[in-house]
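One structure is given here, and the rest of the page talks about it.
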Amino acid sequence: MLRKKDRTIINQVEFVSIDPLVPDNHLLRAVEASIDFNFIYDEVKELYSDNTGRPSIDPVVLIKLIMLQALYGIRSMRQTIQEVEVNIAYRWFLGYSLGEKIPHFSTFGKNYERRFKKSDLFEKVFEKVLMEAIQCGFVKTDAVFIDATHVKASANKNKHVKKMVKHRVHKYKRNLFVEINADREEHGKKPFRDDDDDDNKGDGNASSTPTETREVTVSKTDPECGMFHKGEKERCFAYMASVACDKNNFILGVETAPGNIHDSQVFTDIFGKVNKQFPKIQAVVVDAGYKTPGVCREIIKAGKLPIMPYKRPMTKKGYFKKSEYVYDEYYDCYICPQDQILKYSTTNREGYREYKSDPKICINCPKRMECTQSKNYTKVVTRHIWEPYREIAEHLRYTKQGKDLYKKRSETIERVFADAKEKHGMRYTHYRGLRKVQNYLTLLFACMNLKKIAMWKKRLGMLPPARSIFFTISNIFQFKWKRHFKSFGLKWRLSSV
């Protein structure tokens, strides 16, 4: 039988409580019950005046607004406010009634610029959420997974200029320089003179940040991002987000850098932060981009196991691979595939020892065209002075522990990036400036942790009842209240609990 909906009912006056309208199994109910957001008041207390000015927007509401944007992957604050205005669950999460006016979309931006920009509020929120996961026993840090991904910047790739700028280099450059000179003196070579100026000199430890000057492509729109280009991926301005997570996909730390910086250069920052907070880490799992002597040395020096994959050799097709040249540690020389010796020659400024063949032998070698095409008939094989650390990582690759841990990358750190980009809007950013992007990504990953905590607590029955006792009791008198309001020509509506 055909039925027509009575549209006049939308003009009917109803007395509605907002709490029963939010389903018991809604994500925001679990999020609200998983953590006490009142800690934010203590963190922002110094940013507000006690007795001057008009009453402010609740800082918890401001943080929850940006959390809604991150939790549901909403593309902007303007659209977030539009969603809050019509979404009952969002209003309930913020503590706003159906008729209460939602703050303007520019409110958060103004408060960020005037209050939160120079504070560590977002880092505190991230730490608080992570601490909640640790206290619940959800975090498992016997092995950590570290990787980096790019986030497209809010900048036109066609609007740029070429500039000579100071660019950050590896933090262990000073340590490497000292060991290079020690190696040269051991082999009877004259040590290099340190030509770096005072700006490029560190303090002799891994915490220094030396710089070098080079030409880079700088965006006119957002000068702090960097031109990203890797393999077949689109060339664009981007930021690089380096993330560490545990076996259960809880994010342990995040560091942001311009997109033109290599992953291994940010490794020291993210690894140092995570290692300081979780000193009992046993293994660090990374991809082939981190398989450098410096990274391997840093992990092993910290007492951890570097779990790294096979890295394809960069040798040209048709030539002998470097692995075909055998290193003799006792005599400190290389043996080529034709059983000829390549003797030590020198140690260059990049930290590589150079081993050269005898041109008198190579000129008549039948395999010379597969070995070298140098005009002086000399084959040069290089070996980094920190190569033993990389050999340890290569050995661990064949162990059962190494194989099992590396297989988990696809379901840990790679899954984190996939969820962040597909579900939480991390594929690109509307924010400009390294500090803003860092703050937003920190809060985004805090929301991902919080979402996981809420779902796990709900599944394990660790959350309190969704409804208050008031609504349970009110159901008993529901029909009497309906009769009372009907006498005034009104309709009382209360969802059953």
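The values are calculated or read from the model by the stated rules, or taken from the named source; none is laboratory data. Computed from a prediction, not measured in an experiment: that's the story for all the values here. Glycine also receives a Cβ, built like all others from the backbone with ideal geometry; neighbour counts cover every protein chain displayed. These area figures cover heavy atoms from the full protein model, side chains too; ligands, DNA and RNA do not enter into them. Shrake-Rupley method; radii C 1.70, N 1.55, O 1.52, S 1.80 Å.
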Report the residue count in the stretch 392-417 for those that are exposed (fewer than 13 other Cβ atoms within 10 Å of the Cβ) and farther than 24 Å from residue 292 by Cβ.
2
Would you call residue 200 polar (S, T, N, Q), over 22 Å from residue 273 (Cβ atoms) and at pLDDT 85 or above?
no
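Can you say whether residue 288 is of a type in the set (Gly, Ala, Ser) and at pLDDT 95 or above, as far as the supplied structure shows?
No, not satisfied.
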Being in contact (Cβ under 8 Å) with a residue 24 or more places away in the chain, farther than 25 Å from residue 75 by Cβ, of a type in the set (Phe, Trp, Tyr) and not in a strand (DSSP E or B), is that true of even one residue in the stretch 158-172?
yes
Index of the failed condition, residue 347 passing every other in (1) open to solvent by less than 50 Å² (accessible area, probe 1.4 Å); (2) within 30 Å of residue 436 (Cα to Cα)
(2)
Within the stretch 272-293, residues open to solvent by 10 Å² or more (accessible area, probe 1.4 Å) and under 21 Å from residue 122 (Cβ atoms) come out as 272, 273, 276, 277, 278
Considering residues that are open to solvent by 40 Å² or more (accessible area, probe 1.4 Å), out of contact with any strand residue (DSSP E or B) (no Cβ under 6 Å at 6 or more places or on another chain), hydrophobic (A, V, I, L, M, F, W, C) and more than 22 Å from residue 136 (Cβ to Cβ), the number found within the stretch 1-41 is 7
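Would you please name the residue that is farthest from residue 83 (Cα to Cα), looking only at residues in the stretch 93-114 that are open to solvent by 70 Å² or more (accessible area, probe 1.4 Å) and assigned to a helix (DSSP H, G or I)?
Per the stated criteria, the residue is 114.
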Please count how many residues of the stretch 392-407 are out of contact with any strand residue (DSSP E or B) (no Cβ under 7 Å at 6 or more places or on another chain) and either aromatic (Phe, Trp, Tyr) or within 16 Å of residue 244 (Cβ to Cβ) (or both).
1
From the list 183, 194, which residue is within 30 Å of residue 344 (Cβ to Cβ), over 20 Å from the mean Cα position of the chain (by Cα) and modelled with pLDDT of 90 or more?
183
Under the condition of being more than 17 Å from residue 179 (Cα to Cα) and touching a strand residue (DSSP E or B) at 6+ places or on another chain (Cβ under 7 Å), which residue from the stretch 368-391 is most open to solvent (accessible area, probe 1.4 Å)?
380
Close pairs from the stretch 408-428: first over 18 Å from residue 238 (Cβ atoms), partner among the acidic types (Asp, Glu) and open to solvent by 10 Å² or more (accessible area, probe 1.4 Å), Cβ under 9 Å, at least 6 apart:
409/287; 413/287
Provide a single number: the residues in the stretch 431-466 that are of a type outside the set (Ser, Thr, Tyr) and open to solvent by 20 Å² or more (accessible area, probe 1.4 Å).
19
Within the stretch 272-324, how many residues turn out to be assigned to a loop (DSSP other than H, G, I, E, B) and under 22 Å from the mean Cα position of the chain (by Cα)?
13
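Out of all the residues in the stretch 211-236, which are among the charged types (D, E, K, R) and over 25 Å from residue 172 (Cα atoms)?
Matches in the stretch 211-236: 220, 222, 232, 233, 234, 235.
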Note on residue 259: of the conditions (1) without any contact (Cβ under 8 Å) to a residue 60 or more places away in the chain; (2) open to solvent by less than 60 Å² (accessible area, probe 1.4 Å), unmet is (1)
Among the numbered criteria (1) under 20 Å from residue 325 (Cβ atoms); (2) at pLDDT 95 or above, which one does residue 413 miss?
(1)
Look at the stretch 42-82 and say how many of its residues are in a helix (DSSP H, G or I) and either open to solvent by 70 Å² or more (accessible area, probe 1.4 Å) or among the small types (Gly, Ala, Ser) (or both).
7
Residue hits (the stretch 51-91; closer than 17 Å to residue 450 by Cβ and hydrophobic (A, V, I, L, M, F, W, C)) are 60, 61, 62, 63, 65, 66, 67, 68, 70, 71, 74, 89
Would you say residue 320 is open to solvent by less than 40 Å² (accessible area, probe 1.4 Å), of a type in the set (Phe, Trp, Tyr) and under 30 Å from residue 154 (Cα atoms)?
no
Of all the residues that make up the stretch 62-101, how many are small (Gly, Ala, Ser), farther than 24 Å from residue 43 by Cα and touching a residue at least 40 places away in the same chain (Cβ under 8 Å)?
4
